[in-house]
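The values are calculated or read from the model by the stated rules, or taken from the named source; none is laboratory data. Bear in mind that the values here come from a model prediction, so they are computed numbers and not experimental data. In this analysis, Cβ positions are derived from the backbone assuming ideal geometry, glycine residues included, and neighbour counts consider all displayed protein chains.
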Amino acid sequence: MAPLKWMLRPLVPVCLDEILDARKALSRVSKRPWADAFSAAKRSAWEQSRLAILPQKLLPLSFVIDVGANHGQWIGSLLEFLAIPEVWIFEPNPEAMRACRERIGTRPGVTFFDLALGELPGQAELHVTASSDFASILPPRSDFLEAHYGKNAAHVVEKKQIPVVTLDSLFAEPRTVDLLKIDVQGFERAVLCGARRVLENTRAVLMEVNLQSHYAGDDTLPALWNMLANQGFSLWSLSPPFTGVDGKALWADALFLKSDS
């Protein structure tokens, strides 16, 4: 590969290494890795899908659950590369769910739930923020978030009452979940506590984990890691962390595998 890099570098000096690395990575899941590697949109989708930290032994995926889908960035990216027969998508913010539905479209096998997941059924107050990425049932630590993510990004613009159910309550009988993705902005503990039975039959959990506290009452990686360890999971990999203005690692996506997978 080195001679090829040397010959092509004068033609595409800026992104050559990125394209070659992408081609190698995409060969795992793409039928046309070279074409996808030259597409900036496909490279972005590959990064957002977190397929880079999923082991080959998890594929193919038959049943995936996306908790906290926001605009569908993650699940939409994953579906660009994988044909998944059944997908459940959870997003309690109506505006975000509309964007998610538009992005995913009418793919067969996809079910949308306009619900939040938690430890107990009922109602909760959703803090809707200027940037939907930071919306959470937990109150945001606004000073911290604005210092690292930009002015007003986590400013609460509205509070909405939303329905909450447990993931366990949606399963009449045990089923194997290949991948459970959780991105709920600090509310992870409640989601996991309401999914204890589901976790018994889950092969992998992909979760956005805070490395620094972002919300009042949230849990950071050590506590969540311990919870999942008690459910029989071990840490497989971490994505490169997102760093703040001072270089401190703020969050990352963590992949946990059931120990017997």
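In table form, for the structure just shown:
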| read-out | value |
| --- | --- |
| Where a residue in segment 93-115 is of a type in the set (Phe, Trp, Tyr) and its partner, wherever it lies, is at pLDDT 95 or above and surrounded by 15 or more Cβ atoms within 10 Å (Cβ to Cβ), with Cβ under 6 Å and at least six apart | 112/89; 113/90 |
| Failed criterion for residue 32 (all others in (1) more than 25 Å from residue 235 (Cα to Cα); (2) out of contact with any strand residue (DSSP E or B) (no Cβ under 7 Å at 6 or more places or on another chain); (3) surrounded by 14 or more Cβ atoms within 10 Å (Cβ to Cβ); (4) of a type outside the set (A, V, I, L, M) hold) | (3) |
| Every residue from segment 220-233 that is under 18 Å from the mean Cα position of the chain (by Cα), within 14 Å of residue 260 (Cα to Cα) and of a type in the set (S, T, N, Q) | none |
| Entirely in segment 1-83, the helices (runs of 4 or more DSSP H) that have 3 or more residues that are at pLDDT below 90 and of a type in the set (A, V, I, L, M) | 2-8, 16-26 |
| Residue list for segment 89-110, restricted to those being among the acidic types (Asp, Glu) and over 17 Å from residue 130 (Cα atoms) | 102 |
| Residue list for segment 213-249, restricted to those being under 20 Å from residue 136 (Cα atoms), crowded, with 18+ Cβ neighbours inside 10 Å and touching a Ser or Thr at 6+ places or on another chain (Cβ under 9 Å) | 214, 215, 218, 219 |
